[in-house]
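Engineer: The structure is given below, and queries will be raised subsequently.
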Amino acid sequence: MPIELMTKAGFDALKKELADALAQRPVISAAIAEAREKGDLSENAEYDAAREAQGLLEVKIARLKDKVASARVIDESQLTAETVQLLSKVKVQNLQNKAIMQFTIVGETEADFSKGKLAITTPIGKALVGHAKGETVEAKVPSGVMKFKILDISL
């Protein structure tokens, strides 16, 4: 799994999600034991559902453990606002429709476009990284090419 850069807050949230998932193990084990006590397992829907939930939980735990292991927390004190980079707050203007948008560039795990958090791995995120205020960038998106002018960069 590739290294994923993230904020301290994002890393803490990921660790909490893992701890919450691990805390579900005994609950699901108890549900399996309770269903097993009801007799014939071949026609026991409760048992099948509990086993399926256990399998899904174990997949989730494995995925979260991989993410925690591959995470690298960014030292925010080393960042500058000279160019767009991870954790930059960027104000851009879409040159096609003149709309002004503002978002923070974050790691994939922390991305939430509805909250203004744009993943660095998206076409727009990739296009903006490394560019300075006043520059125009092109992002190749599924619907074509979008052009943005960088209006401001802050931390």
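The values are calculated or read from the model by the stated rules, or taken from the named source; none is laboratory data. These numbers were taken from a predicted model, which means no experiment stands behind them. Note: ideal-geometry Cβ built from the backbone for every residue, glycine included; neighbour counts use all protein chains shown. Accessible surface areas use protein heavy atoms only, side chains included; no ligands, DNA or RNA. Shrake-Rupley method; radii C 1.70, N 1.55, O 1.52, S 1.80 Å.
Engineer: Using the alpha carbon gyration tensor of the stretch 87-155, what are the three equivalent-ellipsoid semi-axes (square root of 5 times each eigenvalue), largest first, in whole Å?
Structural biologist: Working: eigenvalues 57, 40, 24 Å².
For the stretch 87-155, the semi-axes come out at 17, 14, 11 Å.
Engineer: Hey, what do the phi angles of the stretch 140-155 turn into as Karplus ³J(HN,Hα) couplings, whole Hz, using 6.51/-1.76/1.60 and θ = phi - 60°, x for Gly and Pro?
Structural biologist: My calculation for the stretch 140-155 gives 7, 10, x, 8, x, 10, 10, 10, 10, 9, 7, 8, 7, 9, 9, 10 Hz in order.
Engineer: Given a 1.4 Å probe and every protein chain left where it sits, what share in percent of the accessible area of the stretch 35-125 is carbon and sulfur?
Structural biologist: Numbers: 2770 of 5530 Å².
On the stretch 35-125, the fraction of accessible area on carbon and sulfur atoms equals 50 percent.
Engineer: With each pseudo-label sitting 7 Å past Cα toward Cβ, what's the residue 29-residue 73 distance in nm, one decimal?
Structural biologist: 2.9
Engineer: Can I ask one more? Round to the nearest 0.05 the FRET efficiency obtained for residue 61 and residue 126 when R0 = 41 Å and r is the Cβ-Cβ distance.
Structural biologist: Numbers: r = 31 Å, r/R0 = 0.74.
Approximately 0.85, to the nearest 0.05.
Engineer: Does anyone have the angle between helix 8-36 and the longest principal axis of the chain? Alpha-carbon axes, 0 to 90°, nearest 10?
Structural biologist: 20
Engineer: Estimate the FRET efficiency between residue 133 and residue 3 by the formula 1/(1 + (r/R0)^6), using the beta-carbon distance for r and 25 Å for R0, to the nearest 0.05. Each step should come with its number before you reach the end.
Structural biologist: Values: r = 28 Å, r/R0 = 1.12.
My answer for the efficiency is 0.35.
Engineer: Still on this structure, please answer the following. Connecting C-alpha atoms closer than 10 Å in a GNM of the chain, tell me which of 31, 45, 13 has the biggest fluctuation.
Structural biologist: Residue with maximal mean-square fluctuation among 31, 45, 13: 45.
Engineer: Moving to a separate point now. Exceeding 29 Å between C-alpha atoms, which entries from my cross-link table qualify? They are 60/140; 15/115; 15/149; 16/98. Working shown, then result.
Structural biologist: On the way: 60/140 32 Å; 15/115 21 Å; 15/149 37 Å; 16/98 40 Å.
Violating the 29 Å Cα-Cα cut-off are 60/140; 15/149; 16/98.
Engineer: Excluding ligands and nucleic acids, what accessible area in Å² is computed for residue 145 using a 1.4 Å probe, to the nearest 10?
Structural biologist: 70
Engineer: Provide the FRET efficiency to the nearest 0.05 for the residue 140-residue 97 pair, computing r from the beta carbons and using R0 = 25 Å. Don't jump to the answer; show the numbers that get you there.
Structural biologist: Details: r = 17 Å, r/R0 = 0.70.
Computed FRET efficiency for residue 140 and residue 97 comes out at 0.90.
Engineer: Which value does Rg/Rh take for the chain over its C-alpha atoms, Rh per Kirkwood?
Structural biologist: Values: Rg = 21.9 Å, Rh = 18.3 Å.
That ratio is 1.19, to two decimals.
Engineer: Rounded, prolate or oblate: which fits the stretch 38-120 when a ≥ b ≥ c are the square roots of the eigenvalues of the alpha-carbon gyration tensor, with rounded for a/c under 1.5 and prolate only if a/b beats b/c?
Structural biologist: Numbers: a/c = 6.41, a/b = 2.38, b/c = 2.69.
It is oblate, given that a/c is not under 1.5 and a/b is not larger than b/c.
Engineer: Using the alpha-carbon atoms, what tilt in degrees (0 to 90, nearest 10) does helix 45-70 show relative to the longest principal axis of the chain?
Structural biologist: Helix 45-70 sits at roughly 40 degrees to that axis.
Engineer: Could you compute the net charge surrounding residue 152? Neighbours are other residues with a C-beta less than 11 Å from the C-beta of residue 152; K and R count +1, D and E count -1.
Structural biologist: Numbers: positive: 89, 91, 133, 149; negative: none.
So the environment of residue 152 carries a net charge of +4.
Engineer: When DSSP assigns beta bridges and you keep just the ones with both residues in the chain, what percent turn out antiparallel, to the nearest 5? It would help to have the intermediate numbers written out before the result.
Structural biologist: Numbers: 19 of 25 bridges.
If I count the DSSP bridges inside the chain, around 75 percent turn out antiparallel.
Engineer: Calculate the dipole size of the chain relative to its Cα centre from +1 charges on Lys and Arg beta carbons and -1 charges on Asp and Glu beta carbons; express the result in debye to the nearest 20. Present the calculation step by step, with values, prior to reporting the outcome.
Structural biologist: Details: 22 positive and 22 negative charges, 169 e Å.
With only Lys, Arg, Asp and Glu charged at Cβ, the dipole is about 820 debye.
Engineer: Once label points are set 7 Å from the Cα along Cα→Cβ at both residue 15 and residue 154, what is their separation, rounded to one decimal in nm?
Structural biologist: 3.0
Engineer: Out of the trypsin sites (Lys or Arg not before Pro) in the stretch 87-155, which ones are loop residues according to DSSP with at most 14 other C-beta atoms within 10 Å? Could you put the intermediate results ahead of the total?
Structural biologist: Numbers: sites: 89, 91, 98, 115, 117, 126, 133, 140, 147, 149; in loops: 98, 133.
Passing sites in the stretch 87-155 are 98.
Engineer: Then there's this: If you roll a 1.4 Å probe over the heavy atoms of the protein chains, what accessible area per residue do you get for the stretch 9-77, in Å²? Can you show the working numbers first?
Structural biologist: Details: 4470 Å² over 69 residues.
Here the residues of the stretch 9-77 average 65 Å² of exposed surface.
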